[in-house]
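Working notes for the structure below.
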Amino acid sequence: MKNAPFTFELNPPEFIPSRYDNHITRRLSAMKGQYSNAAAFEAMLSKEDILLYEVYELKLPEVAGELLHGISIVHPGKVGDEYFMTKGHFHTVLDTAEVYYCQKGEGYMVMETPEGDWSVEALYPGAVLYVPPCWAHRSVNTSLAEDLITFFVYPGNAGHDYGTIEDQGFRTLVVEQDGEPAIVDNPRWTSPPVK
Ligand code: PA5
Ligand code: NI
């Protein structure tokens, strides 16, 4: 039995899909080890396990041929100097791509390959970003006032590999320096093992 065609809407200012099946919430405690300033992370967590980002998804079969899609909302804030961001991941089926369409806010997509190539692209309303196959991706909200809201779509069989990024981190960080976002090297980044 095939899915029947369907339509839904993304309406400003919230952009929460008018139809969705899953609402995923990620709090600070889910990001242990991801922020470079561990002391700032622990200090913040001891006060409140704050909501960092949310995903609204439509449930579809996780098979090649389907296109999984939904909305990602990263709230504004910082841990130390580092802006709120998603965990970030490679796809389990590494050579699967993803498209992001920014609806609201400002930020960056931080990306890298298993070989250690990296790229950072700006996200702003109207920006369409193509994340090619094999590139890990993490969205970062550089506004301290507004949500960063993106629509995403990726192949149904892609899956999420979070472990690689949890172990090695991203090569680049987006931090606030003198009141402005800056892209800096991650001092704790470990290069991927030589294969
Ligand atoms: O598929 C994607 O890349 C997005 O839907 C992300 O899953 C979403 O932005 C949340 O990020 P993460 O899965 O890294 O926690
Ligand atoms: Ni993805």
Handout entry: Members of the range 135-150 found to be buried (at least 18 other Cβ atoms within 10 Å of the Cβ) and either within 15 Å of ligand 1 (Cβ to nearest atom) or among the hydrophobic types (A, V, I, L, M, F, W, C) (or both), listed by number
Key = Trp135, Ala136, His137, Arg138, Ser139, Val140, Asn141, Asp147, Leu148, Ile149, Thr150
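When you check Arg27 against the structure, is it modelled with pLDDT of 95 or more, touching a strand residue (DSSP E or B) at 6+ places or on another chain (Cβ under 6 Å) and of a type in the set (Lys, Arg), yes or no? Even if it seems obvious, please write down each step before you answer.
Working: modelled with pLDDT of 95 or more: yes; touching a strand residue (DSSP E or B) at 6+ places or on another chain (Cβ under 6 Å): yes; of a type in the set (Lys, Arg): yes.
So Arg27 fits the description; yes.
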Completion exercise
When (1) of a type outside the set (A, V, I, L, M, F, W, C); (2) in contact with a strand residue (DSSP E or B) (Cβ under 7 Å, 6 or more places away or on another chain); (3) modelled with pLDDT under 95 are applied to His75, the one that fails is (3)
Practice task
Give just the number: which of (1) aromatic (Phe, Trp, Tyr); (2) more than 14 Å from ligand 2 (Cβ to nearest atom); (3) under 12 Å from the mean Cα position of the chain (by Cα) does Tyr124 not satisfy?
Solution key: (3)
Problem - Val55 touching a residue at least 40 places away in the same chain (Cβ under 8 Å) and either more than 14 Å from ligand 1 (Cβ to nearest atom) or under 21 Å from Leu129 (Cβ atoms) (or both) - result: no
Exercise for the section: Report yes if Val99 is surrounded by fewer than 18 Cβ atoms within 10 Å (Cβ to Cβ), of a type in the set (A, V, I, L, M) and modelled with pLDDT of 95 or more, otherwise no. Expected result: yes
Problem - Any chance Arg138 is closer than 16 Å to Gly88 by Cβ, within 13 Å of ligand 2 (Cβ to nearest atom) and either at pLDDT below 95 or among the basic types (Lys, Arg) (or both) - result: yes
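Got a sec? Which of Ser119, Ser143, Ser139 is free of Cβ contacts under 8 Å to residues at least 24 places away in the same chain and hydroxyl-bearing (Ser, Thr, Tyr)? Walk me through it before giving the result.
Numbers: Ser143 fails: free of Cβ contacts under 8 Å to residues at least 24 places away in the same chain; Ser139 fails: free of Cβ contacts under 8 Å to residues at least 24 places away in the same chain.
Within the list Ser119, Ser143, Ser139, the selection yields Ser119.
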Practice task
Might you check whether a residue that is away from ligand 1 (no atom under 14 Å from the Cβ) and out of contact with any Pro (no Cβ under 8 Å at 6 or more places or on another chain) occurs anywhere in the range 87-104?
Solution key: no
Exercise for the section: Could you give me the residue pairs with C-beta distances under 8 Å whose first residue belongs to the range 14-29 and is under 13 Å from Tyr53 (Cβ atoms) and part of a strand (DSSP E or B), whose second residue is charged (D, E, K, R) and away from ligand 2 (no atom under 16 Å from the Cβ) wherever it lies, and which are 6+ apart or on separate chains? Expected result: Arg27/Asp49
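The values are calculated or read from the model by the stated rules, or taken from the named source; none is laboratory data. Bear in mind that the values here come from a model prediction, so they are computed numbers and not experimental data. Here the Cβ is made from the backbone with ideal geometry for all residues, glycine too, and neighbour counts use every protein chain on show.
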